Every structure is written in C-alpha cells, then in structure tokens.
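Undergrad: One structure coming up, written as structure tokens, with questions to follow.
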C-alpha cells in the first residue's frame, strides 16, 4: 500500500499535548544519495551506498540509471544498529546505453544531474516528468552541454521534455553558465566531468550563487571518489571550478542522515518548548541543514552535539530573526512556519530563487500562512513575517514536500490545521506522518530509518 492511497486527502495535523520529548532517527540524505548514485554509476569499479534514502526522488534516480544499463542491487546488511548497517545498494557500472526514457518526476537532481550522464551514453535518451518539471529551470544545463559538444533536442524550450543524443563520449572543456537560478547547474556538470575527454572548467557568470553548500558537497564527494577538483575556496578564481579527466573510484559510502529533513522535528522542540534528539548528526558536513543549529538557537533554543547525536531543546519562547538564507534556501518553509509563531517579526532574505522550486515557495508560504490568519508579505528576495494569532484551516501544499512539513509544524500548536496531500512528503521523507506521530506519542517507537 503506497502512502498516497493510505493517507487522507486532508490530513488532520496532530496537536502536541505538551512539550515533546523524543528521539527521531531520520532517513538518509537525498542530496548525498543521488550524488552518490551518479558517481557510482560513472565509476570504474562497483561500489556501495549504505543507508541510502528510499524516497520518490532517489528511486527515480536509481530507476533512471538502471534504464541506462547500470546495475543496482538492493540488499540488507547485518544490523541497522551497526555503522553502515541496514539497507545497502550495490552499484555496478556498465556501458551507458540508449535508446531510453528517463522519468524525472519533479526531482531537480534527476532532471539536472542526468543530462550530462546521458551525453556519455550510446544512443538517444528522452527526458520527461511531472507537469511542474516543464516549468523548472533547465536551460543553463542544456546550453552548457551544447557548448561542451552534446546534441540536445528541446524544441527551443530550454526545458523538459527533451532528448539527449548520446554518442558515448563528450569533449568537455571550458564553459560559462549562469547558475543563479539553481546551484544544481554547476553540480550537474561537475559530477560527470571526470568522464569528459577534457574534464571541465565551469565559470559562473550570473548573480550570486544560491545553495553553495550543495556545490561544496558535490566537490567533496568528487574528491572522495578520486577526482581532482580546483575550487574558488582552494585559492582558484572566483566562481570557477575545474575538474580533471580521470577514472572515478568505486566507494563504500555510508549516507548521512538528511539534516534538512530533521528540520521539522527540531522545530517541534522549539515551538513546544520540548526536546528532540537526532541520532548520527555528523560533526562535520556540507549539508545545508547543519545551519539549523545556529538559526534555531537564535530563535530561542539550544543544542548539544554529542556522540549520541544532536539534542535540541526549546527555550519556552520563540524569537523572530533577520537572516539571509541564500545558501540554505530549502530551510525557508520550516523557518517561516516557526517565525509565524514567534514573539517578534522576522525577515527572511536571499531566497528569490525559491520561486523556481517544486512550486513558487514564497508565494505559496505567503498565501497559506495568511489563510491561517498570518501576516506575511513577499519581498523582492524573501518574506517578511509579522506574527499574529493563527487559526485552523486547510493548508495547501502544491505537491511540495517542505510545505507539507511546515504545515504539520504549525498544526502542533494551532488546532484544526488540515494538510492537503501530506503524502507529497514521500518525495524526500518517507513515512513522515508515522515519524511525526511517533515523536508525539512516547509509546510509539520513534526511531525508524527509511
């Protein structure tokens, strides 16, 4: 039984009876899982992904790679309590082949990371997906690949659907790209670059890049797989990344918990004045979600990182915040929900690019929070939130997983919130309603890994 058939169209968000006190084990990182799948598929030898995220976005990536001829064997390894234990995927590289059709769903990582991969395939590969995927930015990747020697048919749309005519090889070399609408444009080119004949030199030419932690994640994972990468942080030119051609190593990679998906649970501690522990929180990571430690502490909580994980404790009051979220834009919906419950106004800046995500997140947050009695206005690059008493009502999610979790968070302290299509959380956080209920009910096991 799938989540979409098991859950009601309008999910009554449960109200917390008091301060939450729970340990919640969140599934693996979508960003790490999908990057790991691409790098393993392009490697010169088999590799492993342990504790991968099993969600719509990652299963779309895995199925697309299988369609291209990559072997992905799903197994269970020893005890999930052991390091690297639990579910594991063995990835067996193979000659990439077409003709094939890739369903991207509405996954930005699939629609952007795989066109460079399929340029290396032998034969045509068609890309299609959900209706919303046709509206999401892709032109930067398409034009960059053409400049590097690929042939792509998109009927001049600069968007899906399209066909990449792979020839088994790609010249590569220098390319200029405006990635101001999505850092995934840069990551897409870097991930496949070791397999290009000349590698790649990516030069970003537009406004400030959003979500820089995700580019750092890409670079770190490339280096761990044996690639040579020169970056601006390492003394290179500003906004220029260079990858040298060469073989990628097969890795045995344990996927970190998805720290962005930990957000609603940490926020639950903040808004109820309770305590939540997230096991296995890494001491060092490139995940944007790590910024929650600083942001939610500034909003009134405190945190402690130990060998057991991260424990976040609410302080009994929620404070407004003025913060630039340009590097961590995916955290905006959850932060906006907390800000709507604060004791003073908040300004969230640097996130104009969220208008191009799964939905127009800025417009959606403004409309839905205001429909519950909030006072939210859009700015040129973000939101201004003036807290007001909220009331129940339907919170529409626009098939956006982060809007659904933000709505659930409001529902903890506002009676009568009904979340439309909470099943959309399966995009990156399988079984969210079960995890949420387990957090609120101490008698229900809260530790579950997807």
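The values are calculated or read from the model by the stated rules, or taken from the named source; none is laboratory data. Note that the structure is predicted; figures quoted are calculated from it, not measured. Cβ atoms come from the backbone with ideal geometry, glycine included; neighbour counts cover every protein chain shown.
Undergrad: Go through the stretch 316-331 and count every residue that is modelled with pLDDT of 95 or more and over 19 Å from the mean Cα position of the chain (by Cα).
TA: Final tally of qualifying residues: 7.
Undergrad: Limited to the stretch 217-247, what total is found for residues that are modelled with pLDDT under 95 and out of contact with any strand residue (DSSP E or B) (no Cβ under 7 Å at 6 or more places or on another chain)?
TA: Number satisfying all stated conditions: 5.
Undergrad: Restricting attention to the stretch 38-64, which residues are over 19 Å from residue 261 (Cα atoms) and without any contact (Cβ under 8 Å) to a residue 12 or more places away in the chain?
TA: none
Undergrad: Need a quick list: helices (runs of 4 or more DSSP H) entirely within the stretch 1-119 having at least 3 residues that are at pLDDT below 95 and surrounded by fewer than 16 Cβ atoms within 10 Å (Cβ to Cβ).
TA: 3-6
Undergrad: What about residue 323, is it in contact with a helix residue (DSSP H, G or I) (Cβ under 7 Å, 6 or more places away or on another chain), in a strand (DSSP E or B), under 21 Å from residue 413 (Cβ atoms) and touching a residue at least 12 places away in the same chain (Cβ under 8 Å)?
TA: So residue 323 does not fit the description; no.
Undergrad: Within the stretch 372-379, is even one residue more than 18 Å from residue 10 (Cα to Cα), in contact with a helix residue (DSSP H, G or I) (Cβ under 6 Å, 6 or more places away or on another chain) and at pLDDT 95 or above?
TA: yes
Undergrad: Among the residues of the stretch 120-133, write down those that are in a loop (DSSP other than H, G, I, E, B) and surrounded by 19 or more Cβ atoms within 10 Å (Cβ to Cβ).
TA: Once the filter is applied, which keeps residues that are in a loop (DSSP other than H, G, I, E, B) and surrounded by 19 or more Cβ atoms within 10 Å (Cβ to Cβ), the stretch 120-133 yields 120, 121, 129.
Undergrad: Here is a further query. Checking residue 19 against (1) in the same structural domain as residue 122 (by TED's automatic domain parsing); (2) touching a helix residue (DSSP H, G or I) at 6+ places or on another chain (Cβ under 7 Å): exactly one of these is not met. Which one?
TA: That leaves (1) as the condition not met.
Undergrad: Might you let me know whether the stretch 144-151 holds any residue that is closer than 25 Å to residue 354 by Cα and part of a helix (DSSP H, G or I)?
TA: Yes, because at least one residue in the stretch 144-151 is closer than 25 Å to residue 354 by Cα and part of a helix (DSSP H, G or I).
Undergrad: Given the structure, is residue 159 at negative phi, in the same structural domain as residue 46 (by TED's automatic domain parsing), touching a helix residue (DSSP H, G or I) at 6+ places or on another chain (Cβ under 8 Å) and modelled with pLDDT of 95 or more?
TA: Considered against the rule, which asks whether it is at negative phi, in the same structural domain as residue 46 (by TED's automatic domain parsing), touching a helix residue (DSSP H, G or I) at 6+ places or on another chain (Cβ under 8 Å) and modelled with pLDDT of 95 or more, residue 159 comes out as yes.
Undergrad: Next up: Please note which helices (runs of 4 or more DSSP H) are completely contained in the stretch 199-301 and include at least 3 residues that are under 18 Å from the mean Cα position of the chain (by Cα) and either surrounded by fewer than 24 Cβ atoms within 10 Å (Cβ to Cβ) or in the same structural domain as residue 330 (by TED's automatic domain parsing) (or both).
TA: Fully inside the stretch 199-301 and qualifying: 212-224, 263-272.
Undergrad: If residue 195 satisfies every condition in (1) within 21 Å of the chain's Cα centre (by Cα); (2) within 27 Å of residue 95 (Cα to Cα); (3) touching a residue at least 40 places away in the same chain (Cβ under 8 Å) but one, which is the exception?
TA: Exception for residue 195: condition (1).
Undergrad: Now for a different question. Any residue in the stretch 268-289 that is more than 22 Å from residue 13 (Cα to Cα) and touching a helix residue (DSSP H, G or I) at 6+ places or on another chain (Cβ under 6 Å)?
TA: Yes, some residue in the stretch 268-289 is more than 22 Å from residue 13 (Cα to Cα) and touching a helix residue (DSSP H, G or I) at 6+ places or on another chain (Cβ under 6 Å).
Undergrad: State all residues of the stretch 342-377 that are part of a loop (DSSP other than H, G, I, E, B) and touching a residue at least 60 places away in the same chain (Cβ under 8 Å); if no residue qualifies, say none.
TA: 350, 351, 357, 358, 359
Undergrad: Residue by residue through the stretch 357-381, note down the ones that are within 20 Å of residue 327 (Cα to Cα) and surrounded by 16 or more Cβ atoms within 10 Å (Cβ to Cβ).
TA: Hits for the stretch 357-381 are 357, 358, 359, 360, 361, 362, 365, 378, 381.
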